[in-house]
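Read-outs throughout are calculated quantities, based only on the coordinates presented, and are distinct from any laboratory measurement. These numbers come from a predicted model, not from an experiment. Virtual Cβ from ideal backbone geometry, glycine too; neighbours counted across all protein chains shown.
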Amino acid sequence: MKKILVVVDMQNDFIDGSLGTAEAVKIVENVKKKIAQYPPDCVYATMDTHDENYMQTQEGRNLPVEHCIKGSDGWKIRSDIDEMLTKAKKYEKPVFGSIALAEDLQKISMKEDIEIELVGLCTDICVVSNAILFKALMPEVKVSADATCCAGVTPESHAAALKTMQMCQVNVTGIE
């Protein structure tokens, strides 16, 4: 059984930048410990990626805070985490979930048995979106999320996303 870790959007803007939260800062060490538990070639990472015209997009009109503009410091994965992702395949994504990542993991699942664990930001937007994509494409693959390695926009929306994932048969660990 190949175990795969997906590190979702551990970028500066989501940790302590334009959309950062205290909860996001608190999970950094947990995420680093989790990454260290996986072989480097079994770790994948996503990066929220927007262009300069972000404010004119549908997302920008609904969330009018510039963030993760490609090439900016806020777009970069936090440096101490990025140093651990030397062999990770990284997926830039303009939307909440990475279809390309889901399709690549599906191809792997067709050749061998896998399990997928998600960690990162934000639980209630990109983590849950990727978890649902994975379950839609690979309904027989065990997908899990570690609540101690995720943070949402608010603690309440984090809890709601964890519940949503559980309802969609994503195994949620680390809930007190």
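Just one of the listed residues (Ile81, Ile99, Ile125) is under 12 Å from the mean Cα position of the chain (by Cα) and among the aliphatic types (A, V, I, L, M), and it is Ile125. When Val127, Val119, Val143 are checked against the criterion of being aliphatic (A, V, I, L, M), buried (at least 24 other Cβ atoms within 10 Å of the Cβ) and in a helix (DSSP H, G or I), a single residue qualifies: Val127.
Glu92 passes every criterion in (1) within 30 Å of Leu137 (Cα to Cα); (2) touching a helix residue (DSSP H, G or I) at 6+ places or on another chain (Cβ under 8 Å) apart from (2).
Restricting the stretch 2-27 to residues that are buried (at least 17 other Cβ atoms within 10 Å of the Cβ) and of a type in the set (Val, Ile, Thr), which is farthest from the chain's Cα centre (by Cα)? Among those that are buried (at least 17 other Cβ atoms within 10 Å of the Cβ) and of a type in the set (Val, Ile, Thr), it is Thr21. Among the conditions (1) part of a helix (DSSP H, G or I); (2) without any contact (Cβ under 8 Å) to a residue 40 or more places away in the chain, Gly97 misses just one, which is (1).
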